[in-house]
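**Student:** Can you keep this structure in mind? I'll have questions shortly.
The values are calculated or read from the model by the stated rules, or taken from the named source; none is laboratory data. If you're wondering where the values come from, they're calculated on a predicted model, not measured in any experiment. Cβ sites come from the backbone with ideal geometry, for glycine too, and all protein chains shown count toward neighbours. Protein only, heavy atoms only, side chains kept; ligands, DNA and RNA dropped before computing areas. Shrake-Rupley method; radii C 1.70, N 1.55, O 1.52, S 1.80 Å.
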Amino acid sequence: MFNKKLENLKNYEAGKPIELVVREYGIDAKDVIKLASNENPFGTSVLVEQALKNASNKAHLYPDDSYFELKEALAAKFNVTPKNLIIGQGSDQIIEFIAHAVLNETNAILTAGVTFAMYDIYAKHAGASVIKTPSASHNLSQMLELYKANKDKIAAIFLCLPNNPLGECLDASEVYDFMREISPKTLIVIDGAYNDFAKFKDAKKAIDPSDLIRNFKNAIFLATFSKSYGLGGMRVGYGIADESIINELGKLRPPFNITTLSLKAATIALSDAEFVDKTLKNNFEQMTRYENFAKDHGIEFLPSYTNFIVFKFDTQNSSQISQELLKKGIIVRDMQGYGLNAIRITIGTATQNDKLFEKLDEILK
Ligand SMILES: *Cc1c(COP(=O)(O)O)cnc(C)c1O
């Protein structure tokens, strides 16, 4: 009865919710610390909270499906035109549009060895195969080699910059050099979900969407309101590309794909640069504390350009450590599912991190 493509797919395992810890361990919701899904530890901008309250009587109305105001604001921010923009229910949905637009049973995508799981999942929805580099992190020479060997098959290349779940990033100049080797017939997706974090840490990592799409008609830049803007629960993301790509993806977009309240929230969020600055500044100040904790405890960590850090374990088991943390009310992401004996921890507020350090220290003793 079911489509054969579903046979080699598993249900995606999202980060564990606070509600689960409340149910299973009887811990009060206010005492649970969630450092598992790279959400913003400061919540969202107070301007957004206010706007959502003011819009609470608008739930019966469909949103303006042209997303005029939001696109105008994004176009101004990135120095592109509204015709270069597509809005998705999270940038996840745009990955889905891309898969349906370019993939089928005869072709493939190319990705890093360990990267965002949704590229693989949506590719399989479309029946396409997935070619990954032997290297877990982004290795452009391996990518180029695989690309050349499978040129007729590879319809899209996904670069996650910086990479979730490992945290590494590449210099924009190396990325552009790589892109020049790729046929204009291959779509290059740059997932910039954390690119503002990378840009804050090191300007050389910043991908400028306007430069990108001017120089590469076969590129699309993806970004989201879920991380630095603190709107994960609102589900809004966007793609920036040449009009020819946006037109094709638009054919796959269902009407009203984000909600009236989400649209409001995202539009207002763009006006509060201060909130994002505070987020980025806190993130890297606190990241240093994580690096020091790791050094003090002899834990290997992966240098990160994102709002999370990966701790790799040697003799101890990461699933056990995550489970112990969960019992103490802290949710992190175990990485055994990625084949790594490691945990991924979202950088929290100073107070949340204090708690994590205290509990992890107890567990490791
Ligand atoms: C969080 C994330 C996204 C998008 O999340 P949405 O909430 O669907 O916008 C996309 N790519 C990566 C790598 C992410 O980490």
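**Student:** With N denoting the number of residues in region 5-128, provide Rg(C-alpha) divided by 2.2 N^0.38 Å, to two decimal places. Walk me through the intermediate numbers first.
**Tutor:** Numbers: Rg = 19.3 Å, N = 124, 2.2 N^0.38 = 13.7 Å.
Against the empirical 2.2 N^0.38 Å value, I get 1.41 for region 5-128.
**Student:** Sort all Cα-Cα distances of region 52-184 into consecutive 5 angstrom bins from zero, then give the percent of pairs in each bin up to the one containing the longest distance.
**Tutor:** Over region 52-184, the share of Cα pairs per 5 Å bin runs 2, 9, 15, 17, 18, 14, 10, 7, 4, 3, 1, 0 percent.
**Student:** Then there's this: Spin-label point model (7 Å from Cα, Cβ direction): what's the residue 251 to residue 150 distance in nm?
**Tutor:** 2.6 nm
**Student:** Summarise the accessible area of region 46-272 (1.4 Å probe, protein heavy atoms) by the percent that is carbon and sulfur. List each step's numbers first, then the result.
**Tutor:** Details: 4830 of 9340 Å².
Carbon and sulfur atoms account for 52 percent of the accessible area of region 46-272.
**Student:** As an exercise, find the ratio Rg/Rh for the chain from alpha-carbon atoms, using the Kirkwood inverse-distance average for Rh.
**Tutor:** On the way: Rg = 20.4 Å, Rh = 21.3 Å.
Rg/Rh for the chain comes to 0.96.
**Student:** Each label point is 7 Å from the Cα along the Cα-to-Cβ direction; what then is the distance between the points at residue 312 and residue 19, in nm?
**Tutor:** About 3.7 nm, to one decimal.
**Student:** Tell me the Rg and the Dmax, in Å, that the Cα atoms of region 207-365 produce.
**Tutor:** Cα only, region 207-365: 19.4, 57 Å (Rg, Dmax).
**Student:** Of 77/204; 71/132; 312/365; 16/359; 71/148, which sit over 27 Å apart, Cα to Cα? Each step should come with its number before you reach the end.
**Tutor:** Numbers: 77/204 19 Å; 71/132 34 Å; 312/365 16 Å; 16/359 18 Å; 71/148 37 Å.
Checking Cα-Cα distances, 71/132; 71/148 exceed 27 Å.
**Student:** For the chain, which longest stretch is free of loop sites, where a loop site is one of the GluC sites (Glu not before Pro) that DSSP puts outside H, G, I, E and B and that has at most 10 other Cβ atoms within 10 Å? Provide the component values of the computation, followed by the final result.
**Tutor:** On the way: sites that count: 13, 105.
Within the chain, the longest run free of exposed GluC sites (Glu not before Pro) spans 106-365.
**Student:** Same structure, new question: Please report the spacing between the Cα centers of region 282-361 and region 14-90 in Å, no decimals.
**Tutor:** First find each Cα centre; the distance between them is then 25 Å.
**Student:** Nearest 500 deg cm²/dmol is fine: what mean residue ellipticity at 222 nm does the chain get from its DSSP H runs of n ≥ 4 alone, each adding -39,500 (n - 2.57), divided by its residue count?
**Tutor:** Details: 14 runs with 149 residues, N = 365.
Here the helix-only value at 222 nm equals -12000 deg cm²/dmol.
**Student:** In the Gaussian network model of the chain, springs joining C-alpha atoms below 10 Å, which of 136, 149, 193 carries the largest mean-square fluctuation?
**Tutor:** For the chain, modelled as a Gaussian network with Cα springs under 10 Å, the answer is 149.
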